[in-house]
Amino acid sequence: AAALAGVLNDLNQNVRREAAHALRRIDDEAAVRAAVANFVHPDFEVRNHLIYRFVEKPHPAAFGPLLKILDSSDSRAWSSAAQAVRRYDGEEAATAAYTLLDHRDANVRTQVVARFQEKPHANSVKAFVKGLADFNQSVRNQAASGLQAMPGEEATQAALAALAALAKVDPPDHQVRYHLVARFIAHPDARAVGRLIEALEDSDDVQEVW
């Protein structure tokens with residue numbers, strides 16, 4: 001790991017990028033320290049390899065530095081950092097992820113919403129509801145997918161409220177409504193009947209649920 005870390009500053013970009021790729025595959029504490037120390041490397045491809053290491057192998061020492069990347073101006077690294085943060089378990093990780101629902105980058109917000117679907121938490125439904133109000137379609141779709149899969153009364157109430165609110169939206173958000181209607185196939189609930197009848201009268205892309 002130490003030898004590879006030294007090569008990260010080679011004058012040849014191909015050499016240093018291959019060194020980063022190799023370092024990404026070494027599973028020891030020295031490699032973790034070297035990777036985190038080079039999160040600010042001037043070569044983006046080197047940074048990206050080293051960040052992506054923690055998508056594959058999350059490590060506690062990298063969590064704080066990954067959050068710093070997401071709070072920095074290094075926009076090209078945000079996507080990989082968000083993918084890595086998405087992999088972490090525990091209350092601290094869930095709390096930090098929830099704050100990222102206000103991140104300026106839509107891809108980061110989508111990754112965070114997906115995290116609450118993959119790793120159910122007390123704030124999962126709140127995260128989905130917040131995502132449904134996002135201006136970005138990908139974030140809304142991911143949030144609706146999360147509610148579609150989530151069992152429980154809180155998720156049911158949120159899905160019903162969202163369907164009621166979306167009935168008033170013009171133009172209609174068919175992709176989101178599709179997910180919310182489909183929820184009641186996996187999780188039937190008599191309280192959804194009225195909204196499902198409305199869906200039967202709606203456009204073809206929502207009727208396909210049936």
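The values are calculated or read from the model by the stated rules, or taken from the named source; none is laboratory data. In this text the structure is predicted, and so the values were computed from the model without any measurement. Glycine also receives a Cβ, built like all others from the backbone with ideal geometry; neighbour counts cover every protein chain displayed. Remember, those area values only see protein heavy atoms, side chains included, never the ligands or the DNA or RNA. Shrake-Rupley method; radii C 1.70, N 1.55, O 1.52, S 1.80 Å.
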Quick check, is Ser73 of a type in the set (S, T, N, Q) and without any contact (Cβ under 8 Å) to a residue 24 or more places away in the chain? yes
Take the conditions within 30 Å of Arg195 (Cα to Cα) and hydrophobic (A, V, I, L, M, F, W, C) and apply them to Ala127. Does it pass? yes
Evaluate the following for Ala144: is it under 24 Å from Glu92 (Cα atoms), modelled with pLDDT of 95 or more, open to solvent by less than 30 Å² (accessible area, probe 1.4 Å) and assigned to a helix (DSSP H, G or I)? no
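For every residue, the table says whether it meets (1) in contact with a helix residue (DSSP H, G or I) (Cβ under 6 Å, 6 or more places away or on another chain); (2) open to solvent by less than 40 Å² (accessible area, probe 1.4 Å).
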site: Ala3; (1), (2): no, no
site: Gly6; (1), (2): no, no
site: Asn9; (1), (2): no, no
site: Arg16; (1), (2): yes, no
site: Leu23; (1), (2): yes, yes
site: Ala34; (1), (2): yes, yes
site: Glu45; (1), (2): yes, no
Turns out the helices (runs of 4 or more DSSP H) fully within the stretch 1-71 with at least 3 residues that are more than 21 Å from Arg115 (Cα to Cα) are 2-7, 13-24, 29-37, 44-56
Residues that are surrounded by fewer than 21 Cβ atoms within 10 Å (Cβ to Cβ), at positive phi and small (Gly, Ala, Ser): does the stretch 129-139 have at least one? no
Identify the residue in the stretch 165-190 that is part of a helix (DSSP H, G or I) and open to solvent by 50 Å² or more (accessible area, probe 1.4 Å) and, among all such residues, is farthest from Arg86 (Cα to Cα). Ala190
Inspect all residues belonging to the stretch 152-164 and state whether any of them is at pLDDT 85 or above, assigned to a loop (DSSP other than H, G, I, E, B) and farther than 18 Å from Gln117 by Cβ. no
